[in-house]
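The values are calculated or read from the model by the stated rules, or taken from the named source; none is laboratory data. Please read all numbers here as calculations on a predicted model, not as lab measurements. Cβ placement follows ideal geometry from the backbone for every residue including glycine, while neighbour counts extend to all protein chains displayed. Side chains are part of the model used for accessible areas, which takes the heavy atoms of the whole protein and leaves out ligands, DNA and RNA. Shrake-Rupley method; radii C 1.70, N 1.55, O 1.52, S 1.80 Å.
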Amino acid sequence: MKLQVLVLLMSWFGVLSWVQAEFFTSIGHMTDLIYAEKDLVQSLKEYILVEEAKLSKIKSWASKMEALTSKSAADPEGYLAHPVNAYKLVKRLNTDWPALGDLVLQDSAAGFVANLSVQRQFFPTDEDESGAARALMRLQDTYKLDPDTISRGELPGTKYQAMLSVDDCFGMGRSAYNEGDYYHTVLWMEQVLKQLDAGEEATITKSLVLDYLSYAVFQLGDLHRAVELTRRLLSLDPSHERAGGNLRYFERLLEEEREKPLFNQTEAGLAAQENLYERPVDYLPERDVYESLCRGEGIKLTPQRQKKLFCRYHHGNRVPQLLIAPFKEEDEWDSPHIVRYYDVMSDEEIERIKEIAKPKLARATVRDPKTGVLTVASYRVSKSSWLEEDDDPVVARVNRRMQHITGLTVKTAELLQVANYGMGGQYEPHFDFSRSDEQDAFKRLGTGNRVATFLNYMSDVEAGGATVFPDLGAAIWPKKGTAVFWYNLLRSGEGDYRTRHAACPVLVGCKWVSNKWFHERGQEFLRPCGTTEVD
């Protein structure tokens, strides 16, 4: 067993040694946790087998001793009159019973505990758990899913059945509560009560749920319901000290609220009386438009615009390689011109690039507009890595292909970036080019601004994960092997602010993309400047 554990640990040191925290930001990294858990189950089963064998011996000894002592205790003197019985009694008490004690005290769990202890350093952290909870809430908000739907696992495109237990739902509510998100706290604690009332078993108690829920609705301004829930809590647990104090405080506030003239009562308080809890307004001004597009709503692809969109074979300004084998090109949007190319990468190329990229994946960062320093952000949930042509011939081959298709040089382009999105993985609306207040964003590269974006979809996504342009009302859905391309700058060199775009949260699936950012330098004769500011 010790040898098996040693081999197991060595193998997992190799697999997980490069894995950092923030598992929730990459489904690709989370797959390693599946195998880690599978090995732990096998280790646990081996421990159980040893324990069962030990218990079987103990049971057999107990049965034998029970039969013997029932006979000997009925006539002790008569039993011991036989010298063999007397000898065996002495032997049993001096040798056999102590041996049984040693058997009982044997620590057969040592191997499993050692395995678990070593692997725990590679386990998800509290940050991962709270990040995973936030991801589910993000999906809940973006795709307008109620907690009951998520709890039952009724999501589009799913192959496996997955449900949230009462304790799981409580974990969601508590995570929201700990972050001061009382809106989601209420939604999930109400789901906990619903499942408890339906008779589901749980380790948490209804009084504990009511404790969280009553305070959360109070924070949302619903004094009436806070009083009602606190009274329910006290009926279940009359000795709950904090609830008693809270009830007196809530009732005093409620009395003060009643004494105010109706026009002085807060809008939040009046709305809360009708149990209308609104999602808090956040930092993103186009939140509603962005999330609507993610759901496939509000797309402004009118019949008039659709008439301007065509499909064609693309030979990249008669590039010799593409004259022989042109790419299928499809217009996704007319102005700014966004196109999709088909069969850009083969399945074999995609798998090879994923294989190279996976060990290098690290939490994707954004540039702080004030400091210019790269940092992680909640609005970008993914892991990415950068691949050089020297990493593998397939990288060089894909780079050349993107150069042939776009007619732009890759000599001044950034490295090929590969990204894998995690739970609810997203990148909220952003620009790829640097604006006037970010003059030094690409200064160290010495290649100017990002003139164009070439985005490869390296996987299909069962639900969610669209690339959307809020200002345009456009949504582009991932298709494995295809790529989309657009210019970020006008021909004048000014930024095209219409290209502000986002990667929608992945609802179901594992999203892999790679992209190439082309820069201005070296494109002077490949994409000449325009004569006006808006060219």
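Considered as a group, the residues in the range 492-504 that are at pLDDT 95 or above and in contact with a Gly (Cβ under 9 Å, 6 or more places away or on another chain) include one that is surrounded by the most Cβ atoms within 10 Å (Cβ to Cβ), and that residue is Cys504.
Among the residues of the range 485-522, those identified as within 26 Å of Asp141 (Cβ to Cβ) and assigned to a strand (DSSP E or B) are His501, Ala502, Ala503, Val506, Leu507, Val508, Trp512, Val513. Listed conditions (1) of a type outside the set (D, E, K, R); (2) surrounded by 14 or more Cβ atoms within 10 Å (Cβ to Cβ); (3) part of a helix (DSSP H, G or I) are all met by Ser117, apart from (2).
Pairing each residue of the range 466-488 that is touching a residue at least 12 places away in the same chain (Cβ under 8 Å) and on the phi < 0 side of the Ramachandran plot with any residue that is crowded, with 23+ Cβ neighbours inside 10 Å and among the charged types (D, E, K, R), provided the two are 6+ apart or on different chains, yields C-beta distances under 8 Å for Pro478/Lys511; Asn488/Arg450. So, in the range 1-58, of the ones that are at pLDDT below 80, of a type outside the set (A, V, I, L, M, F, W, C) and not in a helix (DSSP H, G or I), which residue ends up most open to solvent (accessible area, probe 1.4 Å)? Here the answer is Gln20. Please verify whether the range 123-133 includes one or more residues that are loosely packed, with under 14 Cβ neighbours inside 10 Å, free of Cβ contacts under 8 Å to residues at least 24 places away in the same chain and either at negative phi or outside any helix (DSSP H, G or I) (or both). Yes, that holds for at least one residue.
Restricting the search to strands (runs of 3 or more DSSP E) fully inside the range 275-372 and requiring at least 1 residues that are of a type in the set (Val, Ile, Thr) and either free of Cβ contacts under 8 Å to residues at least 24 places away in the same chain or out of contact with any helix residue (DSSP H, G or I) (no Cβ under 6 Å at 6 or more places or on another chain) (or both) gives 338-341. Every test in (1) at pLDDT 95 or above; (2) open to solvent by 10 Å² or more (accessible area, probe 1.4 Å); (3) under 30 Å from Thr158 (Cα atoms) is passed by Leu507 save one, and that test is (1).
Considering only residues in the range 420-441 that are touching a Lys or Arg at 6+ places or on another chain (Cβ under 7 Å) and over 21 Å from Tyr143 (Cβ atoms), the one that is modelled with the lowest pLDDT turns out to be Ala441.
Checking each residue in the range 442-469 for being among the basic types (Lys, Arg) and modelled with pLDDT of 95 or more picks out only Arg450.
For (1) at pLDDT below 95; (2) small (Gly, Ala, Ser); (3) assigned to a loop (DSSP other than H, G, I, E, B), each residue gets a yes or a no:
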{"site": "Pro156", "(1), (2), (3)": "yes, no, yes"}
{"site": "Lys194", "(1), (2), (3)": "no, no, no"}
{"site": "Ser207", "(1), (2), (3)": "no, yes, no"}
{"site": "Ser214", "(1), (2), (3)": "no, yes, no"}
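For the range 378-390, the count of residues that are surrounded by fewer than 18 Cβ atoms within 10 Å (Cβ to Cβ), modelled with pLDDT under 95 and in contact with a strand residue (DSSP E or B) (Cβ under 8 Å, 6 or more places away or on another chain) is at least one. Here Asp168, Asp102 are screened, and the one residue that is open to solvent by 40 Å² or more (accessible area, probe 1.4 Å), assigned to a helix (DSSP H, G or I), farther than 29 Å from Glu462 by Cα and at pLDDT 85 or above is Asp102. Taking the criterion of being at pLDDT below 90, outside any helix (DSSP H, G or I), outside the structural domain of Ala503 (by the TED database) and open to solvent by 40 Å² or more (accessible area, probe 1.4 Å), would at least one residue in the range 236-243 satisfy it? Checked the range 236-243: no residue is at pLDDT below 90, outside any helix (DSSP H, G or I), outside the structural domain of Ala503 (by the TED database) and open to solvent by 40 Å² or more (accessible area, probe 1.4 Å).
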